[in-house]
Structure formats: C-alpha cells, structure tokens
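Colleague: Mind looking over this structure? Questions follow.
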Amino acid sequence: MKDLAQEDEIEATWVMAGRQTDGRGRRRREWVSRSGNLFASGLYPWKSDPALKPLVSFVVALAVAKTFETYIKSDLIRLKWPNDVLVDGAKIGGILLEAGEGWLTIGVGLNLQDHPDDQPYPVTHLLAHIPETDMERAEPIYSGPDPVLAQLSRFITDGIETLQTKGFSPIREAWLTRAARLGETITVNLDNKQIIGTFETLGENGALQLRLEDGTLQHILAGDVLL
C-alpha cells in the first residue's frame, strides 16, 4: 500500500488478503490471522487538515459497527475507546492506521468465521452471533468476507467524506450512541499508571474524558480501557 501511496495521483483503493502471516495490531501487538476472516487494507488520498487523520479510527470503528448491524442485532455491538469493536462484550477485530504526506492507510482485521483462543481478553467472531435460521435461508444472510468488505469500504468512504467536510461532530455523536460503558466507572491503563473514573464523554479531539473521584475531568488521548 505504501508503494501505491507514492504515486502522483492516489485513488481510494482496497486490497484484501486470504490470510496473513505477520499480522500486527496497535502498539505492534501480534494479531492472529486465520483463513476465512477479513484482512484488508485501504489507501485514501488526504488533502484536508492532517490533524483530522487520527480521528479516522473512530470513522472505521463506526463503519464496522454499521456493517455488523446488517448481520446481527445492533444492541450486541458496542464501541470501546479508542477503536475497538465489541460484540456481546468480546473483541471482534482490530483497526490500524498509518499515514504520510497526502495519504492514509487503514488496516482492518475482523473475526468473521472463527477467533483465536488463549487471548488475555474475551474474543468472538461474527458467525457465532448470527441465528441459524438466517443462515438456512435460500440466500444466507452471511456469504463470506467479500460482501462484508464491500459494505465496510462504502461506510468508511462515506465517513471520511463526512469527517473532511463536516468535521468530527457527526462522527462523534454517532460513535457515542454505541459507546461501551458510557456514564460508568472504568479503568484506563496509561504508559506509567492506571486511573479510574467515570467515562463522561468523548472530546471534540477524540480524547476520552474521564471524571475522577476528586471531580477533575481528565482528557486522555492514548491508553487502554479495561472493561
């Protein structure tokens, strides 16, 4: 994808792999990649404010949620700050952004047909939540990664256009309607400490706003939320 990004005229392009041999997630964590799941990368040109680029992670998480809502009940799907998608409380995929001058790449890994075992947190896959009756139709509701990516890429493209033309506010509002543990007490791991507070809202810059016990509102731009 980086080679494509060096071309003079960049066009939005998605590439999907049947399997990965060296998948990685945020902070270079290992990402287990099994055949039948979705592994895709999208390249987008970027001509608007570079400061908006990190907010694309919220666009992508929201797009994954919208895509899954066509397959399973929407109340099963929640978004965990900053960019995790949960189904029935378990992680179902990973999102990774990389950017350069005039371009942005989006890496998406989604557990569709199965999920890895022995993870330090709950993990799930899409088919585990689709009722058997929906799969026994003449045209089953789920038919593989290709239609999932087709729908996902449309939602992402539309979301990026919204972000670039209308700003983060509409993305933020839609994300908050699906936010996990909003208004509840959560624990956040930072690089050198752990803090506990009430997840109050999402800032206009994408920061997690945490109300501490002493009443202080802390703005967190990077960290791991423990649910």
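The values are calculated or read from the model by the stated rules, or taken from the named source; none is laboratory data. Every value quoted in this text rests on a predicted model; they were computed, and no experiment measured them. Positions of Cβ are backbone-derived with ideal geometry, glycine not excepted, and every protein chain shown enters the neighbour counts.
Colleague: Criterion first (closer than 17 Å to ASN205 by Cβ, aliphatic (A, V, I, L, M) and out of contact with any Leu (no Cβ under 7 Å at 6 or more places or on another chain)) does ALA61 satisfy it?
Modeller: no
Colleague: Scan segment 152-170 and report the pairs whose first residue is within 15 Å of SER48 (Cα to Cα) and whose second residue is hydroxyl-bearing (Ser, Thr, Tyr) and crowded, with 17+ Cβ neighbours inside 10 Å, with Cβ atoms within less than 9 Å and a gap of 6+ or a chain change.
Modeller: THR157/TYR44; ILE160/TYR44
Colleague: Same structure, new question: Would you pick out the residues in segment 67-82 that are in contact (Cβ under 8 Å) with a residue 40 or more places away in the chain, under 14 Å from LEU112 (Cα atoms), assigned to a loop (DSSP other than H, G, I, E, B) and not polar (S, T, N, Q)?
Modeller: Once the filter is applied, which keeps residues that are in contact (Cβ under 8 Å) with a residue 40 or more places away in the chain, under 14 Å from LEU112 (Cα atoms), assigned to a loop (DSSP other than H, G, I, E, B) and not polar (S, T, N, Q), segment 67-82 yields TYR71, ILE72.
Colleague: Would you tally the residues in segment 1-51 being under 17 Å from the mean Cα position of the chain (by Cα) and either modelled with pLDDT of 65 or more or among the charged types (D, E, K, R) (or both)?
Modeller: 16
Colleague: Separate question: Inside segment 121-151, can you point out the residues that are in contact (Cβ under 8 Å) with a residue 12 or more places away in the chain, assigned to a loop (DSSP other than H, G, I, E, B) and touching a helix residue (DSSP H, G or I) at 6+ places or on another chain (Cβ under 8 Å)?
Modeller: ILE141, TYR142
Colleague: Run down LEU210, LEU227 and say which single residue is at pLDDT 95 or above, in contact with a strand residue (DSSP E or B) (Cβ under 7 Å, 6 or more places away or on another chain) and at negative phi.
Modeller: LEU210
Colleague: To continue, here is another question. Among the candidates ASP118, ASP114, single out the residue that is part of a loop (DSSP other than H, G, I, E, B), on the phi > 0 side of the Ramachandran plot and at pLDDT below 95.
Modeller: Exactly one of ASP118, ASP114 is part of a loop (DSSP other than H, G, I, E, B), on the phi > 0 side of the Ramachandran plot and at pLDDT below 95, namely ASP118.
Colleague: For segment 204-223, state whether one or more residues are out of contact with any Gly (no Cβ under 9 Å at 6 or more places or on another chain), touching a residue at least 60 places away in the same chain (Cβ under 8 Å) and over 21 Å from LEU104 (Cβ atoms).
Modeller: no
Colleague: Could I ask something else about it? For segment 160-176, indicate whether the set of residues that are modelled with pLDDT of 95 or more, in a loop (DSSP other than H, G, I, E, B) and surrounded by fewer than 21 Cβ atoms within 10 Å (Cβ to Cβ) is non-empty.
Modeller: yes
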